[in-house]
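Rule-based calculations on the coordinates, nothing more; no lab input. None of the values given here were measured: they were computed from a predicted structure. For neighbour counting, all protein chains shown are included, and Cβ atoms are generated from backbone atoms with ideal geometry for every residue, glycine included.
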Amino acid sequence: MKNRTLTIASKVLTASLFIVISAAAQAQMTPVGLWKTIDDDGKTAKSLVRITEKDGVLSGTIEKIFDPAKAGNKCDKCSDERKDQPVLGMTILRNVRQDEQDKTLWGGGEILDPNNGKTYKTRLQPVDGGKTMEMRGYIAFFYRTQVWQRVE
């Protein structure tokens, strides 16, 4: 009887550990968190963007700009309510939701490039265990993808 109790306890412990490890891994496979944006060259860190979730909808705000010469810039080329607003603190990612068919993707929203004032449809996909994220902005068949690095 004692061996059976130990076996059951061992199975429960193993299952519990598996659930905790799976939950931690899944938590990192979400875009929610702080990300270092990397320019199209794949080398130059541009900013820190914090992605948050509210009611299943993601948004992203610029928390830091690395180039001191651009830290005080305003979005003079924006055409919506962000026109002439400071880029630092600006929400550049809006209305992004998890894909219903592919839970590894988030899309349906838009991302703003404050350098040119244009908004693009967006798709986010955490990769490499959530350490990096492919951020794709696109218009029709034209797109560009940046790889962002998780900071926290």
Next item on the list: Multiply the residue separation of Asp128 and Glu152 by 0.36 nm, subtract the distance between their alpha-carbon atoms, and state the gained length in nm to one decimal.
Entry: 7.2 nm
Check: How high is the FRET efficiency between Arg97 and Thr61 when r is their beta carbon distance and R₀ equals 22 Å, given to the nearest 0.05?
Finding: 0.80
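How far, in nm, would the chain grow between Met29 and Lys54 when pulled straight, counting 0.36 nm per residue and subtracting the alpha carbon separation?
Working: separation 25, 0.36 × 25 = 9.00 nm, distance 1.69 nm.
Full-extension gain reported as 7.3 nm.
What does the charge count near Gly42 come to, summing +1 for each Lys or Arg and -1 for each Asp or Glu among other residues with Cβ under 13 Å from its Cβ? Write down the numbers at each step before the final one.
On the way: positive: Lys36, Lys43, Lys46, Arg144; negative: Asp39, Asp40, Asp41, Glu134.
Combined, the nearby Lys, Arg, Asp and Glu give 0.
When the chain is fully extended, how far beyond the present Cα-Cα distance does Lys83 get from Phe142, taking 0.36 nm per residue of separation?
That pair, Lys83 and Phe142, stretches by 18.8 nm at full extension.
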Notebook entry, point to check: To the nearest 0.05, how large is the calculated FRET efficiency for Thr104 and Asp41 if R₀ is 41 Å and r is the Cβ-Cβ distance?
Noted result: 0.95
Item checked: Where labels lie 7 Å past Cα in the beta-carbon direction, separation of Ala69 and Asn115 in nm -> 1.3 nm
Note to self: Spelling out what I want: for every residue of the stretch 125-138, take phi, set θ = phi - 60°, compute 6.51 cos²θ - 1.76 cosθ + 1.60 (Karplus), and round to whole Hz; glycine and proline get x.
What the structure shows: 9, x, 9, 6, x, x, 6, 10, 9, 8, 10, 10, x, 8
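Mind putting a number on the dipole of the stretch 67-152 about its Cα centre? Charges go on the C-beta only, +1 for Lys and Arg and -1 for Asp and Glu, and I need it in Debye to the nearest 20. Intermediate values should be presented prior to the final figure.
Working: 15 positive and 13 negative charges, 24 e Å.
Dipole of the stretch 67-152, to the nearest 20 debye: 120 debye.
Output the pairs from Lys46/Lys118; Lys46/Lys70; Lys43/Lys70; Lys43/Lys118; Lys54/Lys118 with a Cα-Cα distance over 20 Å in this structure; if there are none, say none.
On the way: Lys46/Lys118 17 Å; Lys46/Lys70 10 Å; Lys43/Lys70 18 Å; Lys43/Lys118 23 Å; Lys54/Lys118 24 Å.
Distance filter (> 20 Å) returns Lys43/Lys118; Lys54/Lys118.
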Check: Under a Cβ-Cβ cut-off of 10 Å, what is the net charge of the residues other than Trp106 that fall near it, where Lys and Arg count +1 and Asp and Glu count -1?
Finding: 0
